[in-house]
1. Run the Debye formula on the Cα coordinates of the range 578-657, all scatterers equal and no solvent, and tell me log10 I(q)/I(0) at q = 0.27 1/Å.
2. Treating each Cα of the range 304-413 as an identical point scatterer and ignoring solvent, apply the Debye formula and state log10 I(q)/I(0) at q = 0.14, 0.17, 0.19, 0.21 Å⁻¹.
3. Quote the FRET efficiency, to the nearest 0.05, computed for Leu431 versus Leu651 with a Förster distance R0 of 25 Å and r equal to the Cβ-Cβ distance.
4. Projecting each Cα onto the charge dipole of the chain (Lys/Arg +1, Asp/Glu -1 at the beta carbon, about the Cα centre), which of Leu571, Leu31, Ala15 comes out farthest on the positive side?
5. Please give the peptides 259-270, 283-294 ranked by average Cβ packing (other Cβ atoms within 10 Å per residue), highest first, as a rough proxy for protection.
6. Might you report the magnitude of the Cβ-based charge dipole of the range 618-738 about its Cα centre, with Lys and Arg at +1 and Asp and Glu at -1, to the nearest 20 debye?
7. Once the range 419-547 is represented by equal point scatterers at the alpha-carbon sites, with solvent omitted, what log10 I(q)/I(0) does the Debye formula produce at q = 0.12, 0.13, 0.17 Å⁻¹?
8. Provide Arg656, Arg469, Arg334 ordered by accessible surface of protein heavy atoms (probe 1.4 Å), highest first.
Amino acid sequence: MRSSVLSDRLWRLCAILWVIVVAAIGAHNYLFWTAGSKRVDTDVLALLPRDANDRQVDEVTRRLADNASRELVVLVGASDWAAAARAGDAAAAQIASLPGTLRYRVDDSNMAAAVDWLNTYHTALLSDAQRTWLQHAGDAELTARAQSQLHQSFGPRIARWQDDPLGLAPEWLLSRGQGIKVQPRDGRLSASGEGKQWAVITVRLDGPGFRLDGEERIGAVLKAAQAAATAATPDAELIAAGVPLHAEAAAVQANFEMNTVGWGSLAGVMLLMWLGFRSLRPLSLVVVTLFVGCLAGVSACALVFERVHVITLVFGASLVGVAEDYGIHYFASRQDDPDTPPFALMRHLSPSLWLALLTSVLAYGALALAPFPGLRQMALFSAAGLVGAFVTAFLWYPWLDRGRPRQTKFSARWADSRRRWPSLRGRRGALIVLAIVALCATGWVQLTVRDDIRALQNPPPALRDAQVRAARILGLPSPAQFLFVHSRSPDAVLSVEETLRPALAAMVSDGHLTGWQALSDWVPSANRQADNMRVHNRARDEVWRSLADTLGLDAHPPALSEKALTLDAALAGPFGDALRPLWLGRIGDGFGSVILLSGVTPDSLAGLRAMAESHSEVRFVDKSADISRLLTHYRHSMSLLALLGIALIWLALARRFGRASWRAMAPTLLSAGLALAVLGWIGQPLQLFHVLAIFLVLGMGVDYGIFLLEHPQREDGAAWLAVGLGAASTLLSFGLLALSRTPALQAFGLVMAIGIATVWTTAPMFCTMKTESDRT
């Protein structure tokens with residue numbers, strides 16, 4: 001008796017300590033949510049696996065993604081330029097309200113600065129075509145061109161005729177603009193395409209353009225801009241593209257889905273609890289349990305990860321339909337045996353509850369082994385949430401549950417239904433199982449596989465179409481396919497780029513590319529600049545000797561600037577904004593740059609890969625293909641790990657139930673097989689997230705077998721009531737998750753819904769019998 005009192009006192013002390021811990025968790029959650037979008041990530045790349053064998057490419061991809069994450073481009077088009085300019089001016093006035101740097105007007109002072117800059121370095125800057133012409137042109141050809149430039153009364157001039165008699169500097173500058181479809185016009189940025197003239201407006205946002213409050217801020221500004229443009233020009237059309245739009249759409253959708261899944265699951269759980277127990281006490285305690293579990297999940301992710309992904313929060317909302325199982329099992333047992341004191345009842349239930357927690361945490365732990373930062377967050381959120389919910393129920397329920405439960409019609413009828421539930425015994429049961437397996441086999445043979453990153457993306461169709469149109473009109477390079485150059489020094493990087501330009505030019509001529517952007521087009525290597533100066537000065541000297549007497553020139557031409565253009569000077573110069581996205585700076589033990597490609601076609605992929613393979617310092621990065629390859633690799637790995645998970649869970653069950661442990665595993669294995677068969681029947685390709693969902697079926701579905709094996713007699717309806725209420729709430733939760741527009745969550749939800757429903761209906765068939773003789 002004394003030990004029991006001491007145990008109860010220790011229990012209450014632990015319960016009080018848990019109150020303090022929960023208060024700290026609540027304070028931490030307050031700090032997290034007040035930070036808002038600073039702590040929440042919507043970048044889809046954050047969900048994806050990283051290639052452990054190529055961290056440099058991963059770092060490059062992250063830098064490019066970070067650079068694009070704040071860029072927004074808006075096109076305002078009309079049938080003629082005057083109308084497009086009016087509509088663009090009206091739209092720009094609205095877009096200026098966005099917190100960022102708007103670029104629409106062209107400042108004449110920028111052009112003057114560009115002329116001064118180029119006049120300083122023009123002798124070192126020659127295009128490939130200019131170099132070839134100068135190296136092969138004869139004296140007569142050079143002299144004729146110089147005379148033509150001397151008498152030219154139109155066109156741009158950057159340097160004096162004496163310094164640049166062949167007019168190479170303005171020609172070089174114009175050639176840099178080839179392939180760039182955005183041009184200055186009437187003091188504005190403009191483009192042409194799709195039979196229209198377009199005013200081009202770009203915005204670099206100062207901060208994240210989204211919040212998790214369900215509101216479209218960027219979208220609202222763009223709608224106002226569209227209205228203003230239409231008022232100025234009735235036939236005006238506005239196209240907006242950029243990562244911030246996709247991020248905001250994801251945040252708005254996530255807000256909706258968190259509310260749908262979270263509040264929908266909570267409402268379902270509350271309804272089930274009310275039907276089962278008809279008392280506010282169980283209802284309120286289960287709600288408290290769920291609330292603490294969700295808080296624990298958020299805090300665990302916020303402490304371990306710098307940013308919590310929005311998909312983690314959506315997935316975490318499904319925890320509401322899972323974490324209540326402990327409370328339901330406790331109150332179902334209290335209802336069945338109201339005379340047993342709460343502390344004694346919890347001690348009696350603790351082995352099965354601990355085992356249920358262990359199997360669920362093992363399943364989520366297996367998810368955490370996947371190399372997906374997003375998946376690891378989901379696993380940590382769910383595991384921490386389940387632990388928080390379990391500890392809350394374990395410590396607080398005996399302390400706070402002081403009422404006497406009563407039977408309800410719903411709980412009595414549901415508990416009694418176990419008596420009439422069919423069972424699988426002997427040869428007849430084996431034949432039924434074999435028939436089910438044979439039926440599933442018809443779906444397995446139809447099952448296909450698709451490990452494609454594009455299957456995990458589902459942006460709104462309007463945003464996707466706008467992105468494609470903007471890229472086509474502006475000639476934007478592909479963000480997922482580029483050449484990565486890495487070498488020992490910045491100048492070496494430029495030299496490697498120069499060796500690639502002839503092959504890239506050939507691909508453009510053959511129609512396999514529409515263009516490219518390279519840093520070395522603007523900043524030649526030191527050796528190339530020295531050679532450019534030599535070629536340029538030799539040609540000028542030839543012209544000077546030929547025309548000196550005719551034009552009455554001095555015997556010797558004036559000295560030219562021999563100043564070479566450095567990379568730092570170029571980045572700080574008037575064209576620095578265009579060059580900075582191409583320069584990566586220090587990468588690992590060297591320096592890096594990217595060559596952005598436009599118009600990549602399937603036919604050009606082999607040529608680009610061959611080009612990169614012929615240079616040890618060049619990589620062709622096809623991020624979509626690389627990630628799809630990793631998805632295949634990890635699907636195979638996780639499938640093997642699933643088999644290991646089955647063995648571990650079975651071992652844990654065997655320590656408790658001995659030879660009867662197969663009865664808890666059989667419904668779970670059957671449910672996994674049926675889920676795969678359904679995918680084959682409905683024609684949905686198998687992918688990694690389906691495999692990962694099977695882990696959850698293994699971890700949570702086996703709980704129902706555990707509860708029923710603890711109470712194998714048909715007359716014991718408390719465990720069946722707990723299983724029924726828990727499975728219904730879990731099915732509701734993941735059923736709602738299957739309605740998500742996020743493909744990965746859809747995959748989770750579909751497999752979980754099929755799996756949990758199957759376990760729910762088949763567990764009593766295997767476990768409804770006396771199994772004491774099976775124990776060892």
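1. Each listed q maps to, in turn, -1.24.
2. One equal scatterer on each Cα of the range 304-413 leads to -0.65, -0.83, -0.95, -1.07.
3. 0.30
4. Ala15
5. 283-294, 259-270
6. 340 debye
7. For the requested q values the scattering log ratios are -0.81, -0.87, -1.10.
8. Ranked from most to least accessible, the order is Arg656, Arg469, Arg334.
The values are calculated or read from the model by the stated rules, or taken from the named source; none is laboratory data. Note that the structure is predicted; figures quoted are calculated from it, not measured. Neighbour counts run over all protein chains shown; Cβ positions are idealised from the backbone, glycine included. Accessible surface areas use protein heavy atoms only, side chains included; no ligands, DNA or RNA. Shrake-Rupley method; radii C 1.70, N 1.55, O 1.52, S 1.80 Å.
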